[in-house]
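What follows is a set of notes on a single structure, which appears directly below.
Every number here is computed from the coordinates shown, using simple stated rules; none is lab data. Remember, predicted model here, so these are calculated numbers, not experimental data. Backbone-built Cβ (ideal geometry, glycine too); neighbour counts: all protein chains shown.
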Ligand SMILES: Nc1ncnc2c1ncn2[C@@H]1O[C@H](COP(=O)(O)OP(=O)(O)OP(=O)(O)O)[C@@H](O)[C@H]1O
Ligand SMILES: N[C@@H](Cc1ccc(O)cc1)C(=O)O
């Protein structure tokens with residue numbers, strides 16, 4: 001292995017929240033390639049950007065020569081991890097879980113190099129393979145005996161639930177910790193896994209697995225967590241008022257995904273460049289120093305947004321986002337494609353369905369760009385309104401020429417307020 005020190009790199013990128021026995025872990029991973037795992041439960045049909053940090057960290061291990069194992073929680077998803085959750089979860093539907101398995105596996109494979117004939121090619125496993133046939137009596141005797149209830153009820157991940165009788169915690173969720181610990185034990189035994197990573201909310205589950213391996217196998221293994229990113233409003237990073245930012249383009253369009261990064265707080269830009277991208281730390285430092293002098297934050301934010309969009313959706317979608325951005329800045333209509341407008345209709349800008357509409361004033365009112373026909377009239381007269389990027393200075397009766405791809409019209413007030421009319 002090269003001189004490159006992965007633990008230092010992760011630390012400098014702000015990617016370490018907890019780490020066990022750093023000196024020995026450092027020695028181990030600098031001496032030889034190890035297997036490292038991270039688990040993902042199936043709570044929806046797509047991963048969201050909260051999952052990106054552990055996933056990208058797994059990728060960093062692979063890039064440094066180690067073997068990543070992504071564990072799909074086909075079994076654990078049936079139970080639900082209570083870690084830091086305020087309430088008991090509603091059970092996931094069993095049929096959904098098997099459909100989601102395929103979708104999530106595909107997404108993970110997109111990030112990690114799987115089946116590329118290299119020794120450190122990523123492995124995708126599913127914990128239902130060992131939990132489906134497990135016998136409850138054997139589990140309680142062989143695994144349960146190593147867990148102390150006295151310790152478990154004091155774990156910070158479930159303490160708030162135990163202290164709140166109005167919420168409480170079922171035995172089902174309380175047992176989750178044993179299941180994840182058993183996963184680590186199986187992966188250690190069968191795939192020589194020596195490190196588990198996850199978000200910092202996973203620390204309790206990871207520690208339990210390390211203890212189980214220590215007691216059953218008399219071996220030392222390691223754990224590392226990445227910080228759980230929380231926005232200033234207290235909501236987990238990646239979740240918005242209206243929901244999560246998904247990695248699946250059908251659930252969050254690439255344009256909306258790009259906008260999410262463009263709208264992060266300025267104070268996060270360089271931290272996120274370090275944490276989420278593979279851009280060299282020295283380049284990020286130069287950008288940060290230059291920003292302190294020239295206030296180039298908007299350029300660097302767009303650099304982050306472009307990098308993330310390319311990483312998650314690929315180059316073709318990144319180019320589409322650039323076309324859409326130009327279009328919305330009322331600059332270039334010629335290159336716009338039908339699929340670009342479909343992205344805007346999906347979630348990019350406000351849109352309304354229209355059967356028949358008389359004139360521009362009516363459209364402005366219906367779209368909410370204007371409060372009344374009178375206000376609409378003044379807006380048009382003052383040159384504030386455009387149809388498909390072209391300024392309009394008198395009232396207008398819509399016709400087929402206004403319909404891009406026979407079905408879309410972009411109505412704009414200034415350069416920032418848009419509505420897509422969908423005919
Ligand atoms: N904002 C975040 N920052 C860092 N890691 C995150 C973030 N959100 C989720 N993760 C990590 O992704 C993994 C899956 O998390 P989890 O299933 O709790 O996310 P979630 O889908 O947001 O959960 P929930 O639906 O319960 O809010 C965990 O390892 C978790 O630590
Ligand atoms: N508990 C993890 C998922 C997970 C499942 C099984 C494991 O072995 C590891 C991690 C989460 O909620 O995100």
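Odds and ends about this structure:
- Computed from the C-beta positions of residue 390 and residue 190 and an R0 of 56 Å, the FRET efficiency is 0.30 to the nearest 0.05.
- Å³ per residue enclosed by the Cα convex hull of region 349-422: 78
- Scaled to the globular estimate 2.2 N^0.38 Å, the Cα spread of the chain, given as radius of gyration, is 1.17.
- Helix 52-63 axis, angle to the chain major axis (alpha carbon atoms, nearest 10°): 60
- The average projected area of region 39-154, computed from the convex hull of its Cα atoms over all directions, is 9.2 nm².
- Cα centroid separation, region 144-190 to region 291-345: 44 Å.
- Taking the longest Cα principal axis of the chain as reference, the axis of helix 297-313 is set at about 70 degrees.
- The chain: antiparallel DSSP beta bridges as a percent of all, rounded to 5: 45
- Span from the region 358-423 Cα centroid across to the region 219-240 one, whole angstrom: 44
- Angle in degrees between helix 203-217 and the longest Cα principal axis of the chain, rounded to the nearest 10: 30
- Once the Cα-Cα distance is subtracted from the 0.36 nm per residue extended length, the residue 347 to residue 22 segment shows a gain of 112.6 nm.
- Region 6-232: C-alpha gyration tensor shape, a/c 1.5 cut-off, then a/b vs b/c: rounded
- Entry note, the chain: the mean residue ellipticity at 222 nm calculated from DSSP H runs of n ≥ 4, each adding -39500 (n - 2.57), is -13000 deg cm²/dmol after division by the residues and rounding to the nearest 500.
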